[in-house]
Structures are given as structure tokens and as C-alpha cells.
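The values are calculated or read from the model by the stated rules, or taken from the named source; none is laboratory data. Computed from a predicted structure; not experimentally measured. Every residue, glycine among them, receives a Cβ derived from its backbone with ideal geometry; neighbour counts consider all protein chains shown. Just so you know, the surface numbers come from the protein's heavy atoms only, side chains and all, with ligands and any DNA or RNA stripped out. Shrake-Rupley method; radii C 1.70, N 1.55, O 1.52, S 1.80 Å.
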Amino acid sequence: MHKPKLKPHLWLIATISLVVPRRFRSGWRQEWEAELHYHESTLRRWRKLNILGQSRLLRRSLGAFHDALCLQPARLEDEMLQDLKYGSRMLLRRPGFTLVALTALALGIGANTAIFSVVNAVLLRPLPFSDSERIVRIWNTFLPRGLTQLFISVPEFVEYRDQARTFDSIAAFLPDALNLTGAGEPERVPASWISQRFFSVLGVEPQLGRSFYPEEYQPGRDRVVIVSHRLWKGLLASDPALIGKTIMLNGNDRTVVGIMPSAFDVPSEDIDVWVPFTPESWKTGLGQHFLSVIARLQPGASLDNARTEMTSVVAGLAQKYPDYYKDAAGSGVDIVPLREQVVGNIRLPLLVLFGAVCFILLIACANVANLLLARAEARHKEIAIRMALGASRLRVVRQLLTESLLLALLGGCSGLLLAVWGVRLFTAQNPFNIPRMRAVSIDMPILGFALMASFLTGVVFGLAPALQSSKPGLNEPLKEGSRGAAQGAGYRGSRTRSLVVISELALSVVLLIGAGLMIRSFRHLLGVNLGFNTEGVLTAQLSLSKAKYPDNQRVTAFYHQLLQRISGVPGVQAAGAVNSPPLSGDSGTASFEIEGRTSERESDGLSPIAAYHLISPDYFQTMGITVLWGRHFTELDGNQSPAAAIINQTLAHRFWGNDYPTGKRIRLREDAPWLQIIGVVADVKNRAIEDDARPEMYFPYVETPFGIGPPSTMTLVVRTQSDPLQSVAAIRDEIRAMDKDLPMDRVRTMARIAAAAVSRTRFIMFLLASLAGLALILAAVGVYGVMSYSVSQRTHEIGIRKALGAQPQDIIRLVVGHVLSLVLIGIGAGVLASLALTRVMSSLLFEIRANDPVTFVGISLLLFAVALLACCLPVRRALKVFPMVALRYE
Amino acid sequence: MTTRTSLSHSAAVILQAVSNGYRYGFDIMDVTGLPSGSVYPALRRMEQSGLIDSKWEKQGLAQEEGRPPRKYYEVTPTGVDALAEALKRYRLIERILPARKIKPSRQRG
């Protein structure tokens with residue numbers, strides 16, 4: 001090839017060609033040189049190569065610079081493509097490594113994305129109402145007894161509504177259930193009574209039709225109803241002309257005026273009908289607290305403004321009704337943002353789970369980083385050669401990062417599939433009635449999250465190995481013999497790897513301890529004595545309509561007769577009824593006084609109170625509740641004989657110690673008759689399973705002389721010989737024979753109710769335990785990786801030692817010692833971190849402290865054992881080293 | 001080809017120049033008056049999108065003249081179509097650019 005003489009413009013081309021991507025360089029240079037040469041010769045031919053001609057030539061050759069610059073994007077594109085190609089080749093060449101890394105990443109990113117989509121929908125996204133942050137719940141409080149979130153009575157509501165100025169609007173509602181008849185089988189549908197302005201507080205209108213007119217809240221004009229989207233689509237068969245038609249609720253015709261949007265879920269997502277009412281028209285007193293109240297703050301008004309104002313409103317009430325408030329000194333009001341009200345309970349479990357999946361992702365990162373570090377060490381020579389050939393450190397890091405990002409993105413894609421599947425599972429099960437679960441979906445923000453998570457993951461696990469292996473001075477391996485090289489570099493790498501293994505172990509310890517605490521809590525919950533026998537008991541709720549059963553006699557007579565009929569059903573052993581069944585959480589409470597001890601006061605100076613239940617005579621036998629002393633109720637207890645009460649063990653113990661309350665009497669009010677205590681029964685978990693036993697009283701379900709009962713809504717409890725669900729049809733027939741319009745609601749076995757009571761703990765335990773199991777596996781793999789690498793690095797050394805007479809135990813000490821110290825440091829760090837972190841979840845635990853030493857020690861031992869196990873294989877390999885082979889080992 | 005409608009004016013001028021027989025960079029610069037900074041990148045873009053093709057001059061020929069072999073560009077069929085399309089928009093181009101009269105007989109080598 002012709003060698004051009006060096007002229008200024010050719011110098012320039014030669015220099016500029018350095019920035020041209022290598023792929024184009026020679027062609028580029030040749031083209032420019034030819035052009036300039038030709039130009040020069042043309043100019044010379046025309047004898048014009050004077051200063052002007054020269055400068056023109058130079059100017060033109062400067063155009064080459066622009067040309068070269070224009071080729072730069074091609075260079076980047078080129079190298080990236082090269083990196084990607086090379087990266088995928090490397091991943092394919094080691095399918096085992098790739099598979100392990102991908103699985104770890106997919107699980108980590110998938111679990112993260114799934115939980116984040118729930119966190120996003122439930123905790124982060126605002127409620128679907130306009131200016132939803134201004135919507136609040138108003139509760140009464142009674143701090144002297146430590147009571148918060150008490151319902152509100154009608155006179156209080158009226159006062160709040162008329163006096164408070166910080167609220168734009170304020171409304172009351174009352175969840176209930178109504179019997180829907182006329183559309184096939186009688187059905188009991190969840191309903192909510194709502195006062196005027198309910199919809200304007202929420203800023204929501206029906207999807208079809210209209211909301212109630214103001215006059216429709218007045219008694220007499222209130223035969224209207226708004227139905228849910230679900231009821232419309234379901235029981236009402238999507239009737240397109242539903243608006244304006246009537247449906248039969250609790251024996252009354254009501255005209256449908258509106259259909260709510262499907263996502264509307266206030267007061268809860270199961271409500272099917274909303275019916276109007278005016279609280280004042282329900283002539284109830286200050287002492288009857290049953291209303292739920294929501295309000296919308298004025299624009300610009302703060303929660304504190306509202307709290308201050310409400311405090312003075314309550315003070316006004318106390319002046320207005322001094323008689324009532326002398327016993328209720330200390331009553332107050334609390335205002336809670338609606339969002340807090342809806343998701344407050346679920347925040348902690350969700351955040352704990354989110355923390356757990358973040359830990360899993362970090363552990364997965366650590367694992368993959370470890371694998372990459374090990375591989376990077378194996379690739380030292382390759383990298384050294386590339387750097388020696390002129391690759392910059394940036395270029396090498398970029399190459400390695402491209403590989404790890406490729407891995408992370410592949411992992412992210414598989415993780416996303418897992419997440420979609422997981423979210424579907426999660427929303428379908430909705431294990432402990434997480435509110436707003438319907439809003440959970442994999443949408444753009446979630447995809448963005450998954451992408452970000454994958455990207456960050458790739459950088460996190462890729463950066464350290466990339467920087468590590470591209471450290472300057474790595475041409476050492478080229479100079480030295482390969483053995484020395486591997487050891488020298490291995491030492492540097494092993495410090496990073498040790499750190500990675502330590503953090504991986506520490507993270508696993510935290511997860512394992514969290515899971516361990518949940519498992520122990522769950523076992524404690526299962527071991528709780530419920531106080532009744534759950535096996536073979538069916539429950540169902542009945543609610544008699546006021547229209548058909550206007551007076552107490554008819555209600556009592558109905559239940560009396562029904563229980564007799566059900567007892568006669570084949571397979572039924574016993575039948576009873578109660579107004580508030582065990583584990584239902586709802587029961588009335590009443591203050592009482594003890595004869596001869598009227599000055600008896602609780603430590604807080606208030607009169608003693610107890611929860612009460614209204615039961616049929618056979619209730620205790622049916623439920624298998626033990627009578628510890630005295631007798632059951634009979635049909636005679638109630639009006640006919642002297643009024644009687646049965647109390648629970650806790651109440652008896654509190655006031656009579658270990659004595660039986662023989663001949664003792666209590667009364668609920670000064671003007672009420674004394675009640676003879678005729679029996680003491682074992683404590684029953686009537687409220688939540690986690691709650692301590694509290695004082696409780698049982699009264700006959702007939703009309704009592706103190707104004708409680710008989711309740712129109714009762715829960716039937718039926719003990720059967722075999723599977724309780726097989727008797728449902730027969731029981732339903734008995735009910736229909738007595739009242740064809742009476743639906744059987746909430747048909748469940750007691751065993752299922754008991755299982756549901758622990759479902760929240762079971763669910764958190766299950767998820768945490770699965771995650772912890774995963775962490776354990778990943779940690780074991782991590783330890784195994786470090787261990788087997790260390791053995792393979794020291795094969796030569798082990799060989800020499802053996803040749804010099806080292807015993808197996810010396811070899812074991814040599815190879816295991818280092819790794820075990822890492823394990824111990826990791827476990828120690830994890831235990832310390834757990835001490836700080838598990839406190840967060842103490843409210844999720846049951847009968848176990850967050851720093852429970854048994855769990856901490858047990859988990860540490862478990863992890864230690866697993867780490868030892870992970871060492872076994874590499875140690876066996878070390879012991880099998882033959883000195884001669886090892887000395888030849890390169 | 002996607003570039004057919006997006007030919008810029010200067011690209012069309014250059015394409016026309018190539019089609020008129022001005023087959024290497026400096027020649028094109030001379031006839032169009034465009035600076036080398038526009039001509040070369042445009043040539044590379046058009047080559048990438050298949051409007052023009054390039055060939056190296058035969059080695060022997062260049063050696064004879066004691067210079068490095070030159071790179072010649074020529075319009076592909078796609079380029080012909082694109083040029084026709086572009087000329088509908090830039091009607092003056094055809095009139096401004098003269099066709100090359102003397103084709104150096106040896107350039108094909």
C-alpha cells in the first residue's frame with residue numbers, strides 16, 4: 001500500500017482517526033487520505049497550491065473531525081452490542097450458574113414486586129374519593145377506662161353535627177343486615193343505614209340513578225334504597241330498568257333510586273344496600289352508643305383544629321346533660337383520618353412483609369454477587385489480557401456490569417411473571433380481609449418498580465465484583481505463574497466475598513428470627529383454650545323482622561319453638577342460641593353492682609362492668625362450655641322465676657376469690673331487680689382469641705326485667721353427630737316451615753370460625769416462614785460457595801501439608817476454621833440486628849416477647865448447623881486430596 | 001425504505017450529485033459547495049440506509065498513480081426512488097446541479 005508522505009493535513013487525519021471506532025478506522029482513514037491526496041494533486045496540477053490552497057486543504061481535512069464525531073454513537077452502540085453478545089455468551093456457557101442466579105433473582109424481584117403492588121394499592125394510593133385526605137372518622141373516647149374508638153349516641157351526633165364548624169359536612173351510618181325477599185330465596189344482605197350528607201362527605205354519587213333527596217331521609221318518605229353494583233349484577237340479575245322498581249327489604253317495599261359504582265366500599269366492601277335514616281327520629285338516649293360518624297373537614301382546617309373544636313363541643317354537652325356526664329366524666333372525642341381508619345391495622349403486617357421481601361432480595365443479590373466474584377476470579381486472566389491489550393478500566397467494568405444487568409433484567413422478567421401469579425393468589429385468597437384488595441393490580445407503576453428493582457439489583461450485585469476484578473495491577477497474573485496469580489488475586493477477592501457472606505448470613509438470621517417468632521406465636525394461639533368445643537358445631541344467624549315479630553313474646557316464642565324443632569332433626573344432638581357467639585367480637589357491656597358491696601369500685605374509681613350475652617337454656621351444653629359451679633338456665637328462668645344470672649370464672653374470681661358466689665346477687669341499675677347468681681362457667685373467648693379473659697355475665701334470652709332482650713337477631717348453634725354442614729338443609733327446612741321469608745345467614749361451622757380467628761397470624765407466619773426458608777437455602781448456598789472456593793484455592797497447600805504429615809483434623813481445622821468464623825460473625829450481626837428489628841413486630845406476636853431468647857438461640861443454632869452442613873462436601877473434598885495430585889495441581 | 005420521505009435538502013442535493021456522477025467526497029463538496037462536515041456524515045447515513053453504495057478503487061490503478069485507492073459512491077435503486085421522491089419537493093435541485101460531463105475513464109478501474 002502506498003505510504004503517503006507526512007504532510008500537515010495527513011498528520012491531522014492520522015490523529016483524528018484515533019477517535020474513530022476501530023471497526024471503521026482503516027477505511028475511514030484511507031478514504032480521507034485518498035480524498036486529500038487527490039485534492040492536493042489537483043490543486044498542484046493547477047499550480048494553485050499557494051497559502052490559500054494549503055489553508056483550504058487544511059480546512060477540508062478539519063471536516064474529517066466532524067465526520068469522526070458523527071461516527072461516535074456507532075461506537076457506543078457497537079460496544080454495547082458487543083458487551084451484550086459477549087455477556088449472553090458468558091451466561092449461556094455456564095448454564096448452572098445462570099440458572100441458580102436467575103432463580104434467586106426471580107424469587108427476590110418477584111416477591112418484592114408482588115408485595116409492593118399490595119403495599120402500593122393498600123397503603124400508598126389515596127382513597128378513591130375527591131380530596132380524600134379531608135375525610136375523617138369521629139369516635140368517642142373514654143380514656144378513664146382506656147377506651148378509644150367508641151360509637152356515638154344520637155344526641156351526641158346531633159350536637160356534633162350542629163355545633164362543629166371545622167367540618168364541611170358530617171354524617172352518621174349504621175351497618176346492619178336486611179332480609180331481601182321476592183328475588184328467589186330469601187337472602188340476608190349486608191346493609192348500611194346512612195344519614196343525610198353521607199354521600200357528600202365522601203364526594204361520591206351513584207353510578208346510575210341518583211342519591212337520596214333530603215326529604216327522603218324523613219320517616220314516612222324514606223321507602224327508597226340505593227343498591228350496590230354487585231347486588232345489581234347478582235341477585236337482581238342486571239335488570240337494566242332497575243331504577244324506579246321496588247325491592248322488598250325486611251318486609252317493606254323500597255324503591256331503588258340509585259346503583260353505586262362497583263368500587264364503592266364504605267362502610268365496608270360487602271355492603272349491598274344503603275337505606276336513608278334520620279338519627280333524631282330514633283328516640284334513643286345519650287347512653288346508647290351505636291352510630292358511626294364520618295365527616296369532611298373544611299378546606300384548610302387541620303385535624304388539630306377539629307380536635308380542639310370537638311373538645312369544646314363535648315364540654316358543652318356535659319353542661320347540657322349534667323346527669324349523664326357526672327358518671328361519664330372523661331368522655332372525649334377522637335378524630336382519625338379515614339385512610340388511617342381503613343388501613344391502620346394492616347400497615348404493620350404489610351410493612352413487615354415488605355421488609356422481609358426486601359431482605360430476600362438483598363440476600364439474593366449477595367448470593368449472585370458471590371457467584372460473580374467467584375467467577376470473576378476465574379476470569380482474572382481474561383480480564384488482565386483485555387486490559388493489557390488496551391481496554392480501559394471503564395470498559396471492563398462496563399462489560400461486567402452489562403453482564404450483571406442482563407442477568408438482573410432476565411431475573412426481573414421471570415420475577416414479574418411470579419409476581420403476577422403471586423398477586424392473583426393473594427387477591428383471590430385475601431387471607432385476612434385486607435381492605436382495598438380489589439385495587440391491587442400489576443399496572444404501570446408496578447412495572448416501573450420491577451424495572452427499577454431489577455436495575456438496582458443488577459448494579460448492587462454487579463458493581464463490587466466488576467470493580468474488584470478490574471483493579472489496576474492485574475497484569476500481575478500474566479507475569480507470574482498461574483498458581484501464584486490465582487492466590488494473590490484470590491486473597492483480595494476473598495475479603496469482599498467474606499463480607500458478602502457475612503451480610504447474607506446476618507440478613508437470613510433476621511428473617512429466620514422473625515419467622516420463628518411468628519411460628520411460636522401461632523403455636524401459642526393454637527394452644528389457646530377457647531373455653532368451648534369447636535368440633536361438630538354449626539352456627540347460623542337469624543334476624544326476625546320487626547314487621548312480623550313486633551313484640552317480645554313473639555320473638556321468644558319463635559326461638560323457643562325453632563330450637564325445639566331443630567333438636568328433633570335426625571343427627572342433631574343439641575341446639576341453642578346466643579345473641580353474640582364466641583370469637584364474634586360483638587357483645588354488649590353493662591356496669592353492675594353487687595348486693596352488699598354497692599360501694600365496690602374498680603381501681604379507677606368506676607363501677608365494675610362486664611360483657612353480657614343472652615342465651616337459650618341449652619346454649620352451654622351445645623357449645624360444650626363447662627359449668628364449674630351451680631346450674632344451667634331452664635325454661636323457667638326469666639320472667640316466671642326470680643331473675644337469674646350466670647357469670648364466668650374471671651368475674652367470680654375477681655369478686656369472690658376462690659369462694660363460690662352462693663346466694664350472691666347483682667343488679668344492672670338502681671331501679672332494676674336483683675339477679676340471683678345461679679352458676680359459674682368457664683371463661684370463653686367471646687371476643688378475639690388474643691384477648692385476655694374478662695368479666696362476663698349470661699342472661700336468659702327471654703324478656704328480662706332490666707330491659708335487655710329478647711334480641712331479634714340471634715345466632716343458632718347446633719351440635720351434630722357427624723359433619724355439621726350435612727345438617728344445613730334439614731335445619732333450613734325447619735326454619736322455612738316456621739317462616740318462609742327468614743333467611744339463614746352466615747352459615748359456618750365453629751371450627752371454621754376458630755380457624756379464621758388465627759388466619760391473620762397463620763398468614764403472616766406462612767409468608768415469613770416461606771421467605772425465611774428461602775433465605776436459609778440461599779445462605780447455605782452462599783456458605784457452600786465460599787467454602788468450596790476456599791478449598792479449591794488451597795488444594796496445593798493442603799497437599800503439601802498432607803505430604804508433611806498433617807492429620808485429617810488439622811486439615812478440617814484449616815479449611816473450616818476461616819468459614820466458621822465468618823458464620824459466627826454473620827450470626828452475631830444478625831442477632832444484634834434482630835434485637836433492634838423484631839421489636840417493630842411485637843404487636844403481631846402472641847404470648848411471646850420480641851426478644852424471646854429461645855427463638856434467638858434456636859435460630860442461631862439452626863443456622864450454624866446448616867452452615868456446617870454446607871461445609872461438609874467441600875471438607876470431604878479437602879480430605880480426599882492426594883498429596884501427589886495436589887502438588888501437580890496447577 | 002424509511003428514509004425516503006425524510007431526506008433533508010442537503011441530503012437530496014448530495015444524492016443528486018452522486019447520481020449526476022460526482023462520486024467521491026471532495027468532488028461532491030466542490031460541486032455542491034457544502035462543507036465536508038455535512039457531506040461525509042450525510043454520505044455515511046445514506047449508505048447505512050441503503051440509498052447509496054460504495055466501492056473501493058482497484059489497488060493497481062491507485063498504485064500506478066502513486067496514491068491511496070479512493071472510495072467511490074453510487075446510487076442504489078432504492079436511492080433512485082428516494083431521489084425521485086425528494087425532487088418532487090425540492091424542484092430546484094435538478095436545475096442547479098450540472099450533470100458531470102467528463103467521466104474519468106479510468107475510475108472504474
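Within segment B:72-82, work out how many residues are open to solvent by less than 10 Å² (accessible area, probe 1.4 Å) and either part of a helix (DSSP H, G or I) or at the interface with another protein chain (Cβ under 8 Å from one of its Cβ atoms) (or both).
Looking only at that region, the number is 2.
Got a sec? Which of B:25, B:60, B:50, B:37 is under 20 Å from residue A:66 (Cα atoms) and more than 12 Å from the chain's Cα centre (by Cα)?
It is B:37.
Quick one: would you say residue A:140 is farther than 30 Å from residue B:45 by Cα and in contact with a Cys (Cβ under 8 Å, 6 or more places away or on another chain)?
No, not satisfied.
Name the residue that is least open to solvent (accessible area, probe 1.4 Å), counting only residues in segment B:27-52 that are farther than 21 Å from residue A:57 by Cβ, in contact (Cβ under 8 Å) with a residue 40 or more places away in the chain and away from every other protein chain (no Cβ under 13 Å).
In this case the residue turns out to be B:51.
Out of curiosity, is residue A:29 in a helix (DSSP H, G or I), closer than 27 Å to residue A:395 by Cβ, within 11 Å of chain B (Cβ to nearest Cβ) and at pLDDT 80 or above?
Yes: the conditions hold for residue A:29.
Okay, residues lined up against (1) of a type in the set (A, V, I, L, M); (2) open to solvent by 20 Å² or more (accessible area, probe 1.4 Å); (3) in contact (Cβ under 8 Å) with a residue 60 or more places away in the chain:
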residue: A:156; (1), (2), (3): no, no, yes
residue: A:161; (1), (2), (3): no, yes, no
residue: A:168; (1), (2), (3): no, yes, yes
residue: A:174; (1), (2), (3): yes, yes, yes
residue: A:231; (1), (2), (3): yes, no, no
residue: A:237; (1), (2), (3): yes, yes, no
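Of the residues that sit in segment B:53-71 and are in contact (Cβ under 8 Å) with a residue 24 or more places away in the chain and among the basic types (Lys, Arg), which one is farthest from the other protein chains (Cβ to nearest Cβ)?
If we take residues in segment B:53-71 being in contact (Cβ under 8 Å) with a residue 24 or more places away in the chain and among the basic types (Lys, Arg), then B:58 is farthest from the other protein chains (Cβ to nearest Cβ).
So how many residues does segment A:360-375 have that are among the small types (Gly, Ala, Ser) and either surrounded by fewer than 24 Cβ atoms within 10 Å (Cβ to Cβ) or closer than 15 Å to residue A:401 by Cβ (or both)?
So the answer is 2.
Name the residue that is modelled with the lowest pLDDT, counting only residues in segment A:606-636 that are assigned to a loop (DSSP other than H, G, I, E, B) and among the β-branched types (Val, Ile, Thr).
Step by step, filter segment A:606-636, then rank; the result is A:634.
Show me the helices (runs of 4 or more DSSP H) entirely contained within segment A:781-890 in which 2 or more residues are in contact with a strand residue (DSSP E or B) (Cβ under 7 Å, 6 or more places away or on another chain) and surrounded by fewer than 15 Cβ atoms within 10 Å (Cβ to Cβ).
Those helices (runs of 4 or more DSSP H) do not exist here; none qualify.
One line per residue, one yes/no per condition, for (1) over 42 Å from the mean Cα position of the chain (by Cα); (2) outside any loop (DSSP other than H, G, I, E, B); (3) without any contact (Cβ under 8 Å) to a residue 24 or more places away in the chain:
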position	(1), (2), (3)
A:654	no, yes, no
A:672	yes, no, no
A:687	no, no, no
A:694	no, no, no
A:699	no, yes, no
A:714	no, yes, no
A:717	no, yes, no
A:730	no, yes, no
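Out of curiosity, is residue B:95 within 11 Å of chain A (Cβ to nearest Cβ), part of a helix (DSSP H, G or I), open to solvent by 20 Å² or more (accessible area, probe 1.4 Å) and basic (Lys, Arg)?
No; evaluated as a whole, the condition is false for this residue.
Looking at residue A:603, is it in contact with a strand residue (DSSP E or B) (Cβ under 6 Å, 6 or more places away or on another chain) and modelled with pLDDT under 80?
No, not satisfied.
Checking residue B:24 against (1) more than 9 Å from chain A (Cβ to nearest Cβ); (2) surrounded by fewer than 22 Cβ atoms within 10 Å (Cβ to Cβ): exactly one of these is not met. Which one?
All conditions are met except number (1).
Could you please find all residues in segment A:74-99 being open to solvent by 80 Å² or more (accessible area, probe 1.4 Å) and of a type outside the set (Asp, Glu)?
Those that are open to solvent by 80 Å² or more (accessible area, probe 1.4 Å) and of a type outside the set (Asp, Glu): A:76, A:80, A:81, A:82, A:85, A:89, A:92, A:93, A:94, A:95, A:99.
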